[in-house]
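> Please see the structure below; I have some questions.
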C-alpha cells in the first residue's frame with residue numbers, strides 16, 4: 001500500500017451525484033478526488049458508444065424543478081449541445097398501445113365499453129371502500145385508481161421491474177413516484193389540456209437532451225473538475241474507508257493507494273459502503289445492510305436495418321406475454337445517436353437480479369431472445385433485419401422498497417449520523433429512487449456541507465408534488 005497526497009474530500013463514484021459534488025468542490029478550489037470503478041463516468045446515467053452508435057442505460061431526460069440543477073447543466077454544456085425533444089411514450093397491453101399521459105379517446109377505444117365501465121365502477125368502489133391499511137403498492141394504487149386499472153396499467157409492469165408481488169412492495173414506492181396524480185386529474189388534463197387554472201397540473205410533454213446522450217454531460221463535468229485542479233480517477237474503485245477516532249481518515253483504492261482526506265462523500269450502494277468501512281460498523285448495522293437489496297437490469301441494444309420503427313421515445317411493455325419491460329428508440333431521442341439515418345437503434349430493457357439465470361445468459365442468447373420478442377409484439381417489420389447488437393448489464397440499479405426497508409435503513413442512517421465527515425448522495429447510496437436531477441442536487445448539497453453548510457441531503461425528493469408534473 002502506498003500513500004498519496006491528502007485531499008479535502010474524496011468522492012466515491014462518478015455518477016451524477018459524485019460528479020456534481022466533485023464539480024462543486026473544484027469550483028470552490030477544494031482539493032477533491034473522485035474515484036470511479038468503471039472506465040467511463042456517468043454511473044447508470046452514462047451513454048454507451050458502440051461503434052458509431054450511442055445508447056443510454058435506460059432513458060435519461062433533462063428536466064428538473066430545481067433552478068440550481070438547471071443552472072449547473074447549462075454551465076457545463078453549451079446551449080447548442082442540447083436538443084428540445086417532444087415526449088411520446090405509450091403503454092403496450094393486450095396488443096394495443098395506450099398513450100401515456102392519458103388520452104381519453106385512445107384509452108376508451110382500446111379498453112372498449114365493457115372494460116371502461118368496469119374501470120369506472122372499480123374507481124368509484126375504491127373511493128367508497130378503500131383498502132385499509134394502505135401499506136402496500138397494490139393497496140395504494142387500487143385506492144387511487146381502482147383495482148381494475150391497477151391490474152391493467154400497474155401490476156404486470158411493476159412486478160417485472162421488481163421481481164416480487166405488488167403486495168410485497170411498500171406503499172412508499174407509489175407515494176414517491178405517483179404522489180398526487182389521480183385518475184380524476186389525469187382525465188381532466190387529458191380532456192382540457194389548455195386550462196390555465198394554476199391548481200391543475202399536467203405531465204411534462206417535452207424535455208432537454210444532449211445531442212449524444214447524457215454521457216456528454218458527465219464526460220464534460222469530469223473534464224471540468226480536472227481543469228479546476230481536481231482529480232478524477234477511472235477504473236479505480238474504493239476498497240476500504242479507514243476510520244480513527246470516530247472519523248474517516250482515508251480511502252484506499254483498488255490501485256492499493258491510500259488517499260488521506262478530511263471528508264468522504266460516497267455514492268456507491270449503501271450496502272457496499274457498509275462493507276468497506278474499517279473498523280466495521282456495529283453488527284446490527286451490518287445486519288440491516290444485508291437485508292437491503294437492489295434490482296438490476298440489462299439492456300440489449302439492437303441495430304435494425306429499418307429507417308423508421310415506432311414514433312415513441314420509449315414504450316412500457318405491460319404485456320405478460322413477453323419478458324421485456326421497456327423499449328427505447330434512441331433515434332427518437334436524438335438523430336445524432338445513429339450515424340446512418342436509414343438505421344435505427346433500439347434498447348430492450350430486462351429487469352432481473354444480478355447473478356440470476358437470465359442475467360448470466362450469454363450475450364448471443366440475449367440478443368436472439370430480444371429480437372424474437374421484438375418480432376412477437378410487431379414493433380419492427382417482419383422483414384427488418386437486426387444487423388448488429390450489444391448487451392450491457394447494470395447492477396444495483398433500483399433500491400427495492402420491501403416492507404422492512406425503512407427500519408433497516410434507519411439503523412444505517414443513525415450510524416452515518418455518528419460519523420461527522422462521511423456523507424452519502426445519489427440513488428444507490430441513499431437507497432432512494434431518485435431521478436437524475438435529485439442525485440445531482442444531493443451531490444451539490446453534500447459538497448457544500450464539507451465547506452461548512454448544514455444542508456439536509458436526505459430531504460431531497462421528499463416534496464409533495466409529483467416529479468412528472470408541471471403547472472399547466
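The values are calculated or read from the model by the stated rules, or taken from the named source; none is laboratory data. Quick caveat: nothing in here was measured; it's all calculated off a predicted structure. Neighbour counts run over all protein chains shown; Cβ positions are idealised from the backbone, glycine included.
> Taking only the range 163-189 into account, find how many residues are in contact with a strand residue (DSSP E or B) (Cβ under 6 Å, 6 or more places away or on another chain) and either at pLDDT 80 or above or under 18 Å from residue 326 (Cα atoms) (or both).
Looking only at that region, the number is 2.
> Which of (1) in contact with a strand residue (DSSP E or B) (Cβ under 7 Å, 6 or more places away or on another chain); (2) under 20 Å from residue 315 (Cβ atoms); (3) surrounded by 14 or more Cβ atoms within 10 Å (Cβ to Cβ) does residue 111 not meet, given it meets every other one?
Of (1) in contact with a strand residue (DSSP E or B) (Cβ under 7 Å, 6 or more places away or on another chain); (2) under 20 Å from residue 315 (Cβ atoms); (3) surrounded by 14 or more Cβ atoms within 10 Å (Cβ to Cβ), only one is false for residue 111: (1).
> Further question: Which of the following residues is over 22 Å from the mean Cα position of the chain (by Cα) and in contact (Cβ under 8 Å) with a residue 60 or more places away in the chain: 39, 31, 87, 96?
31
> If you check residue 272 against the conditions, is it more than 30 Å from residue 83 (Cβ to Cβ), surrounded by fewer than 21 Cβ atoms within 10 Å (Cβ to Cβ), assigned by TED's automatic domain parsing to the domain that holds residue 419 and touching a helix residue (DSSP H, G or I) at 6+ places or on another chain (Cβ under 7 Å)?
Considered against the rule, which asks whether it is more than 30 Å from residue 83 (Cβ to Cβ), surrounded by fewer than 21 Cβ atoms within 10 Å (Cβ to Cβ), assigned by TED's automatic domain parsing to the domain that holds residue 419 and touching a helix residue (DSSP H, G or I) at 6+ places or on another chain (Cβ under 7 Å), residue 272 comes out as no.
> Does residue 71 meet the test of being more than 16 Å from residue 213 (Cβ to Cβ) and buried (at least 19 other Cβ atoms within 10 Å of the Cβ)?
Taking the combined requirement at face value, the residue does not satisfy it.
> Something else about it: Is it the case that the range 446-455 has a residue that's farther than 30 Å from residue 287 by Cβ, crowded, with 16+ Cβ neighbours inside 10 Å and touching a residue at least 24 places away in the same chain (Cβ under 8 Å)?
Yes, the range 446-455 contains at least one residue that is farther than 30 Å from residue 287 by Cβ, crowded, with 16+ Cβ neighbours inside 10 Å and touching a residue at least 24 places away in the same chain (Cβ under 8 Å).
> Next question, about the same structure. Just the residues that are over 30 Å from residue 174 (Cα atoms), in a helix (DSSP H, G or I) and touching a residue at least 60 places away in the same chain (Cβ under 8 Å), please, taken from the range 354-413.
366, 367, 369, 371, listed by residue number.
> For the range 320-333, which positions are touching a strand residue (DSSP E or B) at 6+ places or on another chain (Cβ under 7 Å) and surrounded by fewer than 20 Cβ atoms within 10 Å (Cβ to Cβ)?
323
> Here's something else I'd like to know. Taking residue 232 as the residue in question, decide whether it is farther than 12 Å from residue 11 by Cα and crowded, with 22+ Cβ neighbours inside 10 Å.
No, not satisfied.
> Among the residues of the range 344-370, write down those that are farther than 19 Å from residue 296 by Cβ and buried (at least 20 other Cβ atoms within 10 Å of the Cβ).
Result: 344, 345, 346.
> Checking residue 84 against (1) at pLDDT 95 or above; (2) touching a strand residue (DSSP E or B) at 6+ places or on another chain (Cβ under 7 Å); (3) over 14 Å from residue 218 (Cα atoms); (4) surrounded by 15 or more Cβ atoms within 10 Å (Cβ to Cβ): exactly one of these is not met. Which one?
(4)
> Also, quick follow-up: Identify the residue in the range 247-279 that is assigned to a helix (DSSP H, G or I) and under 24 Å from the mean Cα position of the chain (by Cα) and, among all such residues, is nearest to residue 455 (Cα to Cα).
Filtering the range 247-279 for residues that are assigned to a helix (DSSP H, G or I) and under 24 Å from the mean Cα position of the chain (by Cα), the one nearest to residue 455 (Cα to Cα) comes out as 270.
> Filter the range 59-77 down to residues that are assigned to a loop (DSSP other than H, G, I, E, B) and touching a helix residue (DSSP H, G or I) at 6+ places or on another chain (Cβ under 7 Å) and give me whichever is nearest to residue 328 (Cα to Cα).
Among those residues, the one meeting the criterion is 60.
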